[in-house]
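Structure, as structure tokens:
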Amino acid sequence: MPSPIQLQRLPRRKKPANKRALLFLALLILLVCSALSGCSAQAADTPATTAADLKRAAAGAWLCPGMHAEWLDAQTVQCLKEKP
């Protein structure tokens, strides 16, 4: 009876670490770029603050120190206590 044929086990071929590292860095860069592009689109949707809004906020802080200023119209401000 002939002896059975034994197949030689070849070592498993591994990917070089450099290729895996470059692939990981490329995916990381794509992820960061997509996140940043989403942020700029979201910022474009928000309305810009005008100089008049900033002046009203500063005047409200000056008129009602330690309180919340609520503008009723262009000339009238109401001072409200802030909730603790």
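Here, each number is a calculation from the coordinates, and none is a lab measurement. What you are looking at is a predicted structure, and each value in this text was computed from that prediction instead of being measured. Positions of Cβ are backbone-derived with ideal geometry, glycine not excepted, and every protein chain shown enters the neighbour counts.
Collect residues whose amide H, placed 1.01 Å from N in the peptide plane, falls under 5 Å from the amide H of residue 78; neighbours closer than 5 in sequence don't count.
Long-range HN contacts for residue 78: 70, 71, 72.
State, to one decimal in nm, how far the label point of residue 79 lies from the label point of residue 49, with both points 7 Å from Cα in the Cβ direction.
2.2
For the residue pair residue 3 and residue 31, what label-to-label distance in nm results when each label sits 7 Å from Cα along the Cα-to-beta-carbon direction?
So the two model labels end up 5.3 nm from each other.
Fully extended, how many nm does the chain gain between residue 57 and residue 10 (0.36 nm per residue separation, minus their Cα-Cα distance)? Write down the numbers at each step before the final one.
Working: separation 47, 0.36 × 47 = 16.92 nm, distance 7.50 nm.
Result: 9.4 nm gained on full extension.
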